[in-house]
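Asks: First the structure, then my questions, so here it is.
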Amino acid sequence: MGSDHARIIAEDLPGATLQVVCDAAGERARKVAEACGAGDVETDPFAVIWRTDVDAVLIASPDPTHAALCVAAIEAGKPALCEKPLAQSVEECLRVIEAETATGRRFLQFGFMRRFDQSYHEMKAALDDGTLGPALMMHNIHRNVETPAADFTADMAITNSAPHEFDVARFVLGAEYRTISAFAPKGAGGKVGPVFMVLETEAGQLVTIEVNNNATYGYDVRGELVGAKGAISLNTPSYSRLDVGLSSRTAYAPDWRPRYGEAYRRQDKAFLDFVRTGALSPVAADTWDGYVATMVAQAGVRALKTGQKVAVEMTPRPELYARGEAQ
Ligand code: ISE
């Protein structure tokens, strides 16, 4: 993801300069820097954050490093776009919230890029303009070809993959969650198997989420929002259909990067605007949204382990993160 963002900054964000590429593996940083024309390479992310020739940072390091790097960016006064999730635990999220609210201004945007995807934009617009009537349910399917990393655990279906749905369903519905239940089918063999979750919102809506990190056939994200007057489904962009040998077929993306390429560009452009103006896009995810996604994920892991419906209990939202409506 870091190299993808480096390319966006270097090629698609007029006015932005890719100043430094940082990676624990110096050789990997050098290769990305060379490919993207970056000015310099580093292996110490904290040193990069404090450099006087760096105005903002993009954090795309392994999940467990996110919270500490976000706090360092806040302390250095540098806006940061951090890939999801914000942190592995609620406690770490609250430490980041404490650091940011203590400054009285926003520094952080989080990489829930689906908010910027055209299909979710149209889904939210159909709800917000009254076309669908009141929202009743939102069904979500999130399938990977295979687990994205060798150390991907069964819980990460909920803590690493599902945060996209936890966040985007909140964003589309403009609602907060009240409970979560989680189930897993038998028969996945030694692989990380599918997880099926049902969430209730405070407004009484139902959100269903299937995550299957080993679907094998393609990267396949589906969604349907059901309202009192109609329904709207996500279409997966497809640029061609191959008709041959009595068959007609379109291709799935191999992973999320080509499927959400345009959403990443829009998200990163919104971050550049945030760096320039200090005003966070109403579409973008902030630290509070990052906290909610992590908190719901932890409740989901508990629900799966206990087989019980788990209440989603949020800490009060600080004034800094107040928005016109729940997003
Ligand atoms: C990965 O971190 C992502 O963010 C992808 O969007 C998701 O599909 C994948 O399951 C995650 O591991």
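Asks: Taking the Cβ of residue 138 as the center, what net charge do the other residues with Cβ under 13 Å away carry, scoring Lys and Arg +1 and Asp and Glu -1?
Replies: Value of the local net charge: -1.
Asks: Which shape class, rounded, prolate or oblate, goes with region 1-115 when its Cα gyration tensor gives a ≥ b ≥ c as root eigenvalues, a/c under 1.5 marks rounded, and past that a/b bigger than b/c marks prolate?
Replies: Prolate.
Asks: Quick one: work out the % antiparallel among DSSP beta bridges in the chain, nearest 5.
Replies: In the chain, DSSP labels about 65 percent of beta bridges as antiparallel.
Asks: Residue 229: which lysines have alpha carbons under 16 Å from its alpha carbon, excluding same-chain residues fewer than 8 sequence positions away?
Replies: Output for residue 229: 124.
Asks: Also, I was wondering about something else. Cα to Cα, under 25 Å, and not fewer than 8 places away if on the same chain: which lysines meet these conditions relative to residue 31?
Replies: Cross-link targets: 84, 269.
Asks: Over the chain, average the accessible area per residue using a 1.4 Å probe and give it in Å², no decimals.
Replies: Counting only protein heavy atoms, the per-residue value for the chain is 46 Å².
Asks: Something else about it: Could you check how much of the accessible area of region 198-299 is carbon and sulfur, as a whole percent, using a 1.4 Å probe?
Replies: The C+S portion of the solvent-accessible surface of region 198-299 is 52 percent.
Asks: Something else: Under a point-charge model restricted to the Cβ atoms of Lys and Arg (+1) and Asp and Glu (-1), what is the dipole moment magnitude of the chain relative to its Cα centre, in debye to the nearest 20?
Replies: In debye, rounded to 20, the chain gives about 700.
Asks: Let me check I've understood the local charge: for residue 43, count other residues with C-beta under 11 angstrom from its C-beta, Lys and Arg +1, Asp and Glu -1. What total comes out?
Replies: Counting the neighbours of residue 43, the net charge comes to -2.
Asks: Quick one: which of 285-295, 309-319, 190-200 comes out on top by average Cβ neighbours within 10 Å, and what's the full order, highest first?
Replies: Put in order of decreasing packing, that is 285-295, 190-200, 309-319.
The values are calculated or read from the model by the stated rules, or taken from the named source; none is laboratory data. Here the structure is a predicted model, which means the values were calculated and not measured. No Cβ is skipped: glycine too gets one built from the backbone with ideal geometry, and neighbour counts run over all protein chains shown. When the accessible area is computed, the model is the full protein with side chains, heavy atoms only, and any ligands, DNA or RNA have been set aside. Shrake-Rupley method; radii C 1.70, N 1.55, O 1.52, S 1.80 Å.
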